[in-house]
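All of the numbers you see were taken from the coordinates with simple rules; none came from a lab. The structure displayed is predicted, hence computed values, not measured ones. We place every Cβ from the backbone using ideal geometry, glycine too, and count neighbours over all the protein chains shown.
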Amino acid sequence: MAAKPKLYYFNGRGRMESVRWLLAAAGVEYEEVFLETAEELQNLIKDGELLYHQVPMVEIDGMKMVQTRAILRYIAAKYNLYGKDLKEQLLIDMYVEGMRDLYDIIMLLPFALPEDQEKNLSIVAEKATQRFFPVYEKVLKDGKNYLVGNQLSWADVHLLELILMAEECKSDILLAFPKLQEFKSRVSKLPRIQKFLQPGSQRKPPMDDACLEALQKIFTSPKGLLLKHSSMSLAYF
Ligand code: GSN
């Protein structure tokens with residue numbers, strides 16, 4: 001039996017969370033190595049394990065993969081979650097990349113200045129409801145259960161992850177999107193996803209102050225993570 005994929009990251013969501021989601025949706029069991037110190041990160045770098053000296057890194061099929069999107073694309077393709085032809089792959093990429101634009105803003109919220117919190121949350125709500133969610137609502141309005149090819153794909157898995165994160169920012173964010181509400185309820189009930197959503201799974205909670213402090217012990221280099229309370233402006237696009 002092939003070894004389980006091994007995920008190298010810290011014990012928090014960050015960029016690895018989408019990898020956890022996708023493996024869970026594919027029904028693949030995986031192990032996690034949680035970095036806790038700068039020394040552990042430096043040791044991986046010294047051993048030549050991290051191509052760009054960064055995590056996420058995923059050991060799978062004898063490879064040491066880096067770059068989150070590359071990792072996700074490989075897993076999606078390997079487990080039949082990446083469409084049946086090039087055109088479906090393109091659609092999946094177009095949807096996922098749009099989701100990623102919103103996702104990255106939400107992922108970085110905990111690093112922003114506390115006094116900017118309210119403004120940042122309103123930017124998330126505006127981008128979600130005005131730009132991104134209408135796209136997926138429209139696709140699902142055509143009587144489709146899934147975004148691409150009438151079967152579960154990476155785009156659906158990422159959309160559910162994004163919806164749940166957006167709801168953590170604003171609980172009624174789906175109010176004007178009945179199809180997305182149905183989608184959320186339907187996809188959450190798929191057995192593998194339902195299992196991942198249960199307490200005790202490898203899904204990680206939202207980033208809190210303790211997690212931010214833990215990160216500062218690992219990523220000490222100035223080119224590493226943005227530190228909390230450093231100035232940060234959210235990209236407008
Ligand atoms: O998507 C990716 O995997 C890369 N384009 C970025 C990965 C990245 O920025 N990793 C950070 C950890 S926090 N994000 O997940 C990292 O390893 N920083 C240390 C460094 O020296 O850059």
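If a/c stays under 1.5 just call it rounded; otherwise compare a/b with b/c (prolate if a/b is bigger, oblate if not). Do that for region 171-210, with a ≥ b ≥ c from the square roots of the Cα gyration tensor eigenvalues. Oblate.
Among the chymotrypsin sites (Phe, Trp or Tyr not before Pro) in region 1-58, which ones are in a DSSP loop with at most 10 other Cβ atoms within 10 Å of the Cβ? Mind listing them?
Numbers: sites: Tyr8, Tyr9, Phe10, Trp21, Tyr30, Phe34, Tyr52; in loops: Phe10, Tyr30, Tyr52.
For chymotrypsin sites (Phe, Trp or Tyr not before Pro) across region 1-58 that sit outside H, G, I, E and B with at most 10 neighbouring Cβ atoms in 10 Å, the list reads Tyr52.
Take the residue pairs Lys84/Lys170; Lys6/Lys204; Lys87/Lys141; Lys64/Lys184; Lys6/Lys184 and return only those whose Cα atoms are more than 27 Å apart. Cα-Cα > 27 Å for Lys84/Lys170; Lys64/Lys184; Lys6/Lys184; rest within.
Annotation note: trypsin sites (Lys or Arg not before Pro) in region 137-170 located in DSSP loop regions with a Cβ neighbour count of at most 16 within 10 Å are Lys144, Lys170. Considering only Leu50, Leu86, Leu72, the mean-square fluctuation computed in a Gaussian network model of the chain, springs between alpha carbons under 10 angstrom, is largest for Leu86. On a C-alpha basis, how far is the centre of region 25-73 from the centre of region 156-200 in Å? Whole number, if you could? So the two Cα centres are separated by 27 Å.
Electrostatic bookkeeping for Ala24 treats Lys and Arg as +1 and Asp and Glu as -1; over the other residues with beta carbon under 15 Å from its beta carbon, the sum is +3. The stretch between Lys138 and Asp47 holds 27.9 nm of extra length on full extension. This uses 0.36 nm per residue minus the Cα-Cα distance.
Contact order normalised by length for the chain, with contacts defined as Cα pairs under 8 Å and 6 or more residues apart; what percent is it?
Working: 275 pairs, mean separation 65.4, N = 237.
Relative contact order, the chain: 28 percent.
Multiplying the residue separation of Ala3 and Lys64 by 0.36 nm and subtracting their alpha-carbon distance yields 20.6 nm.
Between the beta carbons of Glu126 and Ser185, assuming R0 = 35 Å, the FRET efficiency works out to 0.90 to the nearest 0.05.
Rounded, prolate or oblate: which one fits region 26-144, using the alpha carbon gyration tensor with axes a ≥ b ≥ c (rounded when a/c is under 1.5, else prolate when a/b beats b/c, else oblate)? Walk me through the intermediate numbers first.
On the way: a/c = 2.90, a/b = 1.22, b/c = 2.38.
Cα axes put region 26-144 in the oblate bin.
Fully extending the segment from Asp101 to Thr220, taken as 0.36 nm per residue of separation minus the present Cα-Cα distance, adds 40.2 nm. Between Asp85 and Ala210, the simple label model (points 7 Å from Cα in the Cβ direction) yields a spacing of 5.2 nm. With both residues required to sit in the chain, DSSP beta bridges show an antiparallel share near 65%. In the calculated pair-distance distribution of the chain, the portion above 26 angstrom amounts to 40 percent of the Cα-Cα pairs.
From the Cα gyration tensor of region 1-89, with a ≥ b ≥ c the square roots of its eigenvalues, which class applies: rounded if a/c is under 1.5, or else prolate if a/b is larger than b/c, or else oblate?
Numbers: a/c = 2.00, a/b = 1.85, b/c = 1.09.
Verdict is prolate for region 1-89.
Taking only DSSP H segments of four or more residues, each worth -39500 (n - 2.57), what value at 222 nm results for the chain once the sum is divided by all its residues, to the nearest 500 deg cm²/dmol?
Working: 10 runs with 115 residues, N = 237.
Computed mean residue ellipticity for the chain: -15000 deg cm²/dmol.
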